[in-house]
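For reference, the structure is listed below as structure tokens.
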Amino acid sequence: MMDKLATTAISVNTPLRAAVRPPAGGALDMDYHGQRLSVPADLAQLDGLREAFGAFLVGAGVRVEDMVRWQLVLTEAVVNAMVHGSGRNAGRKVEVAWTAGEGSVRLEVGDSGPGPVPELDAAILPDDPMQSDGRGLFLIKESCDRVEHWRGPDGYRLVMIRGTDGARAQADAPDALLESAMGEISQCYENLAAFYRLGDALIAAERLPDFFLQVVGDIAKVVPHDRVSLRFGPAVQPVLLAELAKLPFASTVIEPGGIIADVLRDGQERVWEDAVEIAGDPNWDGYACGVCVPLRAGGETLGTLTLGRRRQPYLVAAELSTVRTYADLFGIALANANNALVRTREQQALRELEIAAAMQADLLPLPNPPAQPGWRAVARRRSARSVAGDYVDIFPAPDGGILLAMVDVMGKGMPAALFAGVVRTALRIHVDIGRPLERLIHDLNRVLCRQTGELTLFATCALAHILPGRERVRVVNAGHCPVLWLGGTSSGPVREFAPSGPPLGLYPETEYKVEEQPLMAGDSLVMVTDGLYEWETGGPAEAGGGWPVLVSLARTRRREGGEALWDALQQRIRAAAPGESEPRDDQTMLFWERRA
């Protein structure tokens, strides 16, 4: 932060002093040497000022307890100058100067405003606890040996002096309650400063590991320790875990029986103040004191931050609070990176589905043949996802007949659609060769067995070859649900062509049986996939499952055509699973009818 601050050496006759007049009885009676900083009236500058002032105090030999007081004084004075004196106008400047000499430290803060009303110069604690003015000046007065208010035409300057030996000019020392309150306020500022640094680092870092590399080094400046460790649990995305595991102070290995495993399990902080408490721990055995804090976000524990010291003193309340501050933002950073990866993966999956859907529209179009002389067909499909694994086709056979195909490949989504495309290509090639149905199904099975290899992919398949003249149909079924033949009258017979062998792509030497059925005017064929009958049934009358319901609907709706049968099936399925907007499985139907 120091690169943002302009600094100059201070002399006795500075422009800041010349711009204002001393109060009654005020005098410039000491020779001071130090540093002047001119910064915009922007609270983001506060962190850098505190860091620079802290380094100055260390060099001046100020005691630790006095440094805490001085940081509180600096913060209160600078915030007043930026907020009240400059109206948070970054175009205005705030002058900050500190010097040390003759056993004292002198801090001066100036702005272009008129300063507080003179009544507040006495710095008395306000009677009204809700009053916002005067509280900071009271803390400043109680922390310093001497406070001076300088006002002039060019602005206001607050001068604060405190002895480096801790001696107090006033006789009344602050009571324990005030000391405690000032300590808590000081710690709040420390945590706020930590958040400023962490926020800047998180914004500046292009990658999460870079953020951790920068910030973990910063922890040592505020909480001295001998070792720091970050561990990340299984809730973090694997890609992110692989990157974080490369950090020198990080790991994804969680040894059982240790403090880290305990914190990851229950999400509760652990503090130890004696080496005996941590004896036997696989990572922290021998460390005299330390703390293990969970990295949490969204109610989930993503990892741990652990600090340890080999010797006492153990971590005090202020240090523990600072560690928790770091852990909080670490958890937020982890969750943000985690969610970004999930969103990216979801977007990629959505894009893949869009590509597959476009592929399916081109490679596996739903047939929609116009009414032909003597027959008509209706094909319908409803996918469980954007892409279906079902494939239905109608195409002319080389002998002048018609071939109907219904295929249901294993799985859903893009892999199923791609495999369905392979089945379609292989089927079309073998149909064009003009082989009989027995040889066609045999050759198709052998080709798919070679294509799938050890992948254990398969497809159920039903083929119906309607011979020229439409007087007979030959059906072969490879592991698919039955093909229905419906006689032309409303009370006519129904025949089911059951599978005669396993699905295609499993056993290359399987032989499949071909069955025949005469066709007359009004007869129809129904081919479906299992999504149209494997659904929850609605009561005792349907205890046999969805297949009897489908057969019953096909029998009673045979004269109404394929559209009526499809609508009846969809209505029954919605009634069985109310509230479900998407089907549980792909649903496909082909209804072919001989008209004359």
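The values are calculated or read from the model by the stated rules, or taken from the named source; none is laboratory data. In this text, all values refer to a predicted model and were calculated from it rather than measured experimentally. So basically every Cβ, Gly included, is an ideal-geometry build from the backbone, and we count neighbours across all protein chains shown.
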| request: Scan segment 436-473 for residues that are within 26 Å of D586 (Cα to Cα), of a type outside the set (A, V, I, L, M) and in contact with a His (Cβ under 7 Å, 6 or more places away or on another chain) and jot them down. | output: T460, C461
| task | Taking T306 as the residue in question, decide whether it is assigned by TED's automatic domain parsing to the domain that holds D328, under 32 Å from the mean Cα position of the chain (by Cα) and at pLDDT 95 or above. | result | yes
| field | Qualifying residues in segment 298-317 (those that are in a strand (DSSP E or B) and charged (D, E, K, R)) - the one nearest to D262 (Cα to Cα) | value | E300
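If you go through segment 573-581 one residue at a time, do you hit one that is in a strand (DSSP E or B), surrounded by 14 or more Cβ atoms within 10 Å (Cβ to Cβ) and touching a Ser or Thr at 6+ places or on another chain (Cβ under 8 Å)?
Residues of segment 573-581 that are in a strand (DSSP E or B), as a first pass: none.
No, there is no match, as no residue in segment 573-581 is in a strand (DSSP E or B), surrounded by 14 or more Cβ atoms within 10 Å (Cβ to Cβ) and touching a Ser or Thr at 6+ places or on another chain (Cβ under 8 Å).
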| request: For P234, work out the one condition from (1) in a loop (DSSP other than H, G, I, E, B); (2) at pLDDT 90 or above; (3) in contact with a helix residue (DSSP H, G or I) (Cβ under 9 Å, 6 or more places away or on another chain) it doesn't fulfil. | output: (2)
| remark: Only one of A358, A337 is at pLDDT below 70, out of contact with any Ser or Thr (no Cβ under 9 Å at 6 or more places or on another chain) and over 30 Å from A521 (Cβ atoms), namely A358
| field | Residue list for segment 221-237, filter: in contact with a Leu (Cβ under 9 Å, 6 or more places away or on another chain) and without any contact (Cβ under 8 Å) to a residue 60 or more places away in the chain | value | P234
| task | With respect to A55, determine if the residue is in contact with a strand residue (DSSP E or B) (Cβ under 8 Å, 6 or more places away or on another chain) and of a type in the set (A, V, I, L, M). | result | no
| request: Enumerate the pairs (first residue in segment 491-507 and assigned to a loop (DSSP other than H, G, I, E, B); second residue anywhere and buried (at least 18 other Cβ atoms within 10 Å of the Cβ) and among the aromatic types (F, W, Y)) with beta-carbon separation below 6 Å, excluding pairs fewer than 6 apart on the same chain, so at least 6 apart or on different chains. | output: S500/Y512; P503/F458; G505/F458; L506/F458
| Filtered residues of segment 461-474 (kept if within 58 Å of the chain's Cα centre (by Cα), more than 18 Å from V423 (Cβ to Cβ) and not charged (D, E, K, R)) | I466, V473
| task | Considering only segment 212-252, state which residues are buried (at least 19 other Cβ atoms within 10 Å of the Cβ), of a type outside the set (A, V, I, L, M) and more than 24 Å from the chain's Cα centre (by Cα). | result | H225
| note | Per the filter on segment 272-292, residues surrounded by 15 or more Cβ atoms within 10 Å (Cβ to Cβ) and either within 31 Å of the chain's Cα centre (by Cα) or part of a loop (DSSP other than H, G, I, E, B) (or both) are E273, D281, N283, W284, Y287, A288, G290, V291, C292
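Does any residue of segment 279-295 turn out to be charged (D, E, K, R) and under 19 Å from A335 (Cβ atoms)?
Within segment 279-295, none of the residues are charged (D, E, K, R) and under 19 Å from A335 (Cβ atoms).
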| field | Residue within segment 557-575 that is touching a Phe, Trp or Tyr at 6+ places or on another chain (Cβ under 9 Å), at pLDDT below 90, over 14 Å from V378 (Cβ atoms) and among the small types (G, A, S) present | value | no
| request: Could you pull out the residue among R474, R470 that is crowded, with 16+ Cβ neighbours inside 10 Å, among the charged types (D, E, K, R) and touching a residue at least 60 places away in the same chain (Cβ under 8 Å)? | output: R470
| request: Take segment 251-271 and flag every residue that is without any contact (Cβ under 8 Å) to a residue 40 or more places away in the chain and among the hydrophobic types (A, V, I, L, M, F, W, C). | output: V253, I254, A261
| task | List every residue pair whose Cβ atoms lie under 8 Å apart, where the two residues are 6 or more positions apart in sequence or sit on different chains, the first residue falls within segment 81-110 and is farther than 29 Å from G61 by Cβ, and the second residue, located anywhere, is part of a strand (DSSP E or B) and among the polar types (S, T, N, Q). | result | K93/S38
| query | Quick check, is L295 within 28 Å of V342 (Cβ to Cβ), out of contact with any Cys (no Cβ under 9 Å at 6 or more places or on another chain), part of a loop (DSSP other than H, G, I, E, B) and at pLDDT 90 or above? | reply | no
| said: Residues to consider are V62, V78, V73, V20; find the one that is modelled with pLDDT under 85 and either aliphatic (A, V, I, L, M) or touching a His at 6+ places or on another chain (Cβ under 6 Å) (or both). | reply: V20
| query | Would you pick out the residues in segment 471-505 that are over 22 Å from L448 (Cα atoms) and of a type in the set (G, A, S)? | reply | G487, G488, S490, S491, G492
